Amino acid sequence: MEIVYVYTKKRSEFGRQCNFSDRPAELHVDILPDPSLAANFTVRDPCNVTMQCAEEMSEHEVNTERFESESRGINHVEGGWPKDLNPEDMEATIRYRKKVEKDEHYQNTIMQIAGLMEHCSKQNNATDIYQDFFDDEVEEEVVEESEEEPSAKTINVFRDPNEVKRTATSLSWHPDGNHKLAVAYSSLEFQKAPNDMSFDSYIWDIENHNKPEMTLKPVCPLVCLEYNPKDSHILVGGSYNGQIAYWDTRKGSQPVEMSTIEHSHRDPVYKVIWLQSKTGMDIFSASTDGQVLWWDIRKLSEPTERLVLDPSKKWNLDNALGAISLEFETTMPTKFMVGTEQGLVVSCNRKAKTPAEKIVCTYSGHHGPIYALQRNPFFPKNFLTVADWTARIWSEDIKESSIMWTKYHMAHLLDGCWSPVRPSVFFTVKMDGTLDVWDILFKQNDPTLSLKVCDEALYSIRVQDNGRYLGCGSQLGTTTLLEISSGLCTLQKNEKALVSEMFERETKREKILESRHREMRLKERSRSEQSREDEAKDADGEESTEELVARAETEFFHMLEAEKTKERNEEKERDMEKGVCEEKDFQEEHETNGVVASFTRGEISL
Amino acid sequence: MAEVEDTLKRIQGYNGVIGSIVVNAEGIPIRTTLDNSTTVQYVGLLHQLTMKARSTIRDIDPQNDLTFLRIRSKKHEIMVAPDKEFLMIVIQSPTE
């Protein structure tokens, strides 16, 4: 539709001035809405409108002026001479200088500043400022370790991946680098091992606790496992059926060789130790069947040597003591010690001429099997034994009793070891799942640190060579890796001297006690030979305790009787004099006092 | 005149004094006990340093002024006594 409006104007009227007049509005065009056009459109619902409420910002660029720098040197040249003076001319310069010097102003100034200068110069000479003061005073850095509370924290926990959980009976750290931990799993409960229990033992990488780095698949579960300290690829394990097997980690999970059943132990092999030899391939093993066998790894068909732990030295297997732990110190290659099931520690000499001489001596004092036996790495003459409810420290020279011992705990102690870096620190684990760290220089009655690692019993513990990390294995196969605070693994000042003093002191005490006991026994023997008559009256202090107690009892009862009769007599008298009630009270009081008095009198006479 | 001589001689004679220099404002060494090149070097560098030190002091507090400048180094101590017109430099090493 075209909307056209035509406006006409005469040609002659062009250029004429405008005359404005008022007139009402005229409707020229009226375009009405056409509903049919609405069909071309739809209602938009909802309407999306975008809005932004933000500050208006504009962008500017600025570039700083470049600062150009250059390295320059200065060439010092004499200058300042007045224009007419030639600096090369010696005479002229001298003359000029002289002139300046004669100037009054110069002289005054010089006097002034010379005074200052002299003062400072003399000061310098008075004290040597470059002297080293405080040289002799030792720098006392705040020893934070000693102030820090001993603590241990769990770094990692390795759980047995199998469904049926087995006990982690033995741990061994990798000899170089300590990044790996070999754990032997088996079930030590007699005939309680379920049929589908896996026999595998694992090597864990301490960084990865999800999956073991390597699996070792023996024919029978391993009770103990040890890395070869010289060759870190070789491990040897003692199994539950008495066989010895060795693995090479480069060659896979199956044992490279196993010992023949006829020549192996008849009971589980509880401990296997690598020997210090030229070939680095010798081991010896101990088991509860009473034998200690020596093997060469390369030829496991037969042991190289055999020792039967018969205390009567007759090599009678029936009499033999079952061995549970072994101890071997590389600095003393001919001697070794065996801890037995019966609670005796047997010290043996490997290089004895006759088989009977192999067993040198025994140490008794424990009530149960000796689960751990280790010499102190700093003082090899003293060794630690862990058995029944106590841990004891022994000295090689004293055979009758240990020189130091812990109190009797509520739970059995199942394993223990010395710290390789501190001579006074050792660790023990208990049946209730606690780990105790003992520092004998700090506290002897209680552990310095007692930590509950898990709810089940802890069967094994091993400290890494740097003394900082330790692994402990539990009944359900959970191996926990702990880090102990630096205070417990750094050598303190004078520690060695103090510990050696302590050991010497205790050894001396035991020696004195031993000699006194011997004396007493001799006396007893001699006395009982002389006369069998009335020795009881002899208040020698040598009477046995039972006799003493019996005597005390009879005396006491006599005195009581005497007092009672006396009281009764007095009561009768008083009854006659005064009222009964008052007297009764008085009597009771008097009686009790009297009884107490007689009791104390009886004690003193003892 | 004689006093000045005496004073300077005395300063030079102290324990550990290696050398002394007296310079005027234009940089001409009036009196020196060291050789020329060393003197010129010391003068040039220390003059600038003294100026800088003085301006620092006066920047912080305009009423203040530099009276003495001592630079201790591993080997010896350089002492500078400034004045409006002259500068006295003494190098002393510590008594062992």
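The values are calculated or read from the model by the stated rules, or taken from the named source; none is laboratory data. Owing to the predicted nature of the structure, the values given are computational and were not obtained by experimental measurement. Positions of Cβ are backbone-derived with ideal geometry, glycine not excepted, and every protein chain shown enters the neighbour counts.
Can you tell me how many residues within segment A:47-89 are more than 12 Å from chain B (Cβ to nearest Cβ) and surrounded by 10 or more Cβ atoms within 10 Å (Cβ to Cβ)?
Summing the residues that are more than 12 Å from chain B (Cβ to nearest Cβ) and surrounded by 10 or more Cβ atoms within 10 Å (Cβ to Cβ) in segment A:47-89 gives 2.
Test A:Tyr106 against the criterion of being in contact (Cβ under 8 Å) with a residue 12 or more places away in the chain and at the interface with chain B (Cβ under 10 Å from one of its Cβ atoms), and give yes or no.
It is false that A:Tyr106 is in contact (Cβ under 8 Å) with a residue 12 or more places away in the chain and at the interface with chain B (Cβ under 10 Å from one of its Cβ atoms).
So which residues in segment B:62-91 are closer than 14 Å to B:Tyr14 by Cβ, at the interface with chain A (Cβ under 9 Å from one of its Cβ atoms) and at pLDDT 90 or above?
B:Met79, B:Met88, B:Val90
Can you say whether A:Leu373 is farther than 22 Å from A:Leu513 by Cβ and assigned to a strand (DSSP E or B), as far as the supplied structure shows?
It is true that A:Leu373 is farther than 22 Å from A:Leu513 by Cβ and assigned to a strand (DSSP E or B).
Show the residue pairs meeting these rules: Cβ distance below 7 Å; 6+ apart or different chains; first residue within segment A:298-319 and touching a residue at least 12 places away in the same chain (Cβ under 8 Å) and within 17 Å of A:Phe336 (Cα to Cα); second residue in a strand (DSSP E or B) and among the small types (Gly, Ala, Ser).
Listed pairs, sorted by first residue: A:Leu309/A:Ala323.
How many residues, within segment A:168-221, are of a type outside the set (Val, Ile, Thr) and in a strand (DSSP E or B)?
17
Would you check which residues across segment A:233-247 are out of contact with any Pro (no Cβ under 7 Å at 6 or more places or on another chain) and closer than 15 Å to A:Met214 by Cα and list them?
A:His233, A:Ile234, A:Leu235, A:Val236
State which residue pairs qualify: first residue without any contact (Cβ under 8 Å) to a residue 60 or more places away in the chain and inside segment A:505-530, second residue surrounded by fewer than 10 Cβ atoms within 10 Å (Cβ to Cβ) and not in a helix (DSSP H, G or I) in any location, beta carbons under 6 Å apart, and separation of 6 or more residues or different chains.
So the pair list comes out empty.
Look at segment B:24-41 and say how many of its residues are under 15 Å from the mean Cα position of the chain (by Cα), at the interface with chain A (Cβ under 9 Å from one of its Cβ atoms) and assigned to a helix (DSSP H, G or I).
Looking only at that region, the number is 3.
Could you tell me whether segment B:39-57 includes any residue that is closer than 14 Å to A:Ser121 by Cα and surrounded by 19 or more Cβ atoms within 10 Å (Cβ to Cβ)?
No: segment B:39-57 contains no residue that is closer than 14 Å to A:Ser121 by Cα and surrounded by 19 or more Cβ atoms within 10 Å (Cβ to Cβ).
Does segment A:286-297 include one or more residues that are farther than 25 Å from A:Gln475 by Cα and assigned to a loop (DSSP other than H, G, I, E, B)? Please lay out each step first, then the result.
Within segment A:286-297, the first condition is being farther than 25 Å from A:Gln475 by Cα, and the residues that meet it are A:290-297.
If we keep only those that are assigned to a loop (DSSP other than H, G, I, E, B) as well, we get A:290, A:297.
For segment A:286-297, residues farther than 25 Å from A:Gln475 by Cα and assigned to a loop (DSSP other than H, G, I, E, B): present.
So which of A:Glu139, A:Glu207, A:Glu148 ends up being more than 27 Å from the chain's Cα centre (by Cα), modelled with pLDDT under 85 and of a type outside the set (Phe, Trp, Tyr)?
Matching residue, one of A:Glu139, A:Glu207, A:Glu148: A:Glu139.
Scan segment A:109-129 for residues that are within 7 Å of chain B (Cβ to nearest Cβ), polar (S, T, N, Q) and under 60 Å from the mean Cα position of the chain (by Cα) and report the count.
Of the residues in that region, 2 qualify.
Would you pick out the residues in segment B:1-23 that are in a strand (DSSP E or B) and either surrounded by fewer than 17 Cβ atoms within 10 Å (Cβ to Cβ) or more than 10 Å from chain A (Cβ to nearest Cβ) (or both)?
So in segment B:1-23, the residues in a strand (DSSP E or B) come out as B:17-23.
Hits for segment B:1-23 are B:Ile18, B:Gly19, B:Ile21.
To keep it simple, each residue is scored yes or no on (1) touching a His at 6+ places or on another chain (Cβ under 9 Å); (2) β-branched (Val, Ile, Thr); (3) not in a loop (DSSP other than H, G, I, E, B).
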| position | (1), (2), (3) |
| --- | --- |
| A:Phe20 | no, no, no |
| A:Val29 | no, yes, no |
| A:Leu37 | no, no, yes |
| A:Glu59 | no, no, no |
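Scan segment A:344-353 and give yes if some residue there is touching a helix residue (DSSP H, G or I) at 6+ places or on another chain (Cβ under 7 Å), of a type outside the set (D, E, K, R), more than 26 Å from A:Ser401 (Cβ to Cβ) and surrounded by 15 or more Cβ atoms within 10 Å (Cβ to Cβ), otherwise no.
No, every residue in segment A:344-353 fails to be touching a helix residue (DSSP H, G or I) at 6+ places or on another chain (Cβ under 7 Å), of a type outside the set (D, E, K, R), more than 26 Å from A:Ser401 (Cβ to Cβ) and surrounded by 15 or more Cβ atoms within 10 Å (Cβ to Cβ).
Mind listing whichever residues of segment A:293-348 are among the hydroxyl-bearing types (Ser, Thr, Tyr) and over 32 Å from the mean Cα position of the chain (by Cα)?
A:Ser301, A:Thr304, A:Ser312 - these are the residues of segment A:293-348 that are among the hydroxyl-bearing types (Ser, Thr, Tyr) and over 32 Å from the mean Cα position of the chain (by Cα).
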